[in-house]
1. Compute the semi-axes of the equivalent ellipsoid of the chain, taking the square root of 5 times each eigenvalue of the Cα gyration tensor, and list them largest first in whole Å.
2. Using only the alpha-carbon atoms, how far is helix 3-62 inclined from the longest principal axis of the chain? Give it as 0 to 90 degrees, nearest 10.
3. Could you please report the charge total around residue 11, scoring K, R as +1 and D, E as -1 over all other residues with beta-carbon less than 13 angstrom from its beta-carbon?
4. Pick out, from 3, 42, 17, the residue whose Cα sits farthest towards the positive end of the charge dipole of the chain, with +1 on the Cβ of Lys and Arg and -1 on the Cβ of Asp and Glu.
5. Just how large is the dipole of the chain about the Cα centre, in debye to the nearest 20, putting +1 at every Lys and Arg Cβ and -1 at every Asp and Glu Cβ?
6. Taking only Cα atoms and a 10 Å spring cutoff, compute GNM fluctuations for the chain and point out the largest among 46, 38, 11.
Amino acid sequence: MSQEVFDQLEQKITAAVEALEMMKLENEELREENSRLQRERNEWEQRLNGLLSKFDDVDTSSAP
């Protein structure tokens, strides 16, 4: 094989490794964002459940 073929192969491997590293970084960022969004969703769900329980309390206290 000629030096040119090896150089091309090396460039392709280097590009593939760099792309994988970028994907790993992006994946980690997306995992962190997903965790943050899940925590936020849980907080909203707790708040909503709190409000709904207040409605239930009003319904039961006003029942004859």
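Quick note: the coordinates plus some simple rules give every number you see, no bench work behind them. Because the structure is predicted, anything quoted here is derived from the model rather than measured. No Cβ is skipped: glycine too gets one built from the backbone with ideal geometry, and neighbour counts run over all protein chains shown.
1. 61, 7, 4
2. 0
3. Working: positive: 12; negative: 4, 7, 10, 18.
It works out to a net charge of -3.
4. In the chain, that residue is 42.
5. Computed about the Cα centre, the dipole is about 320 debye.
6. Highest fluctuation among the options: 11.
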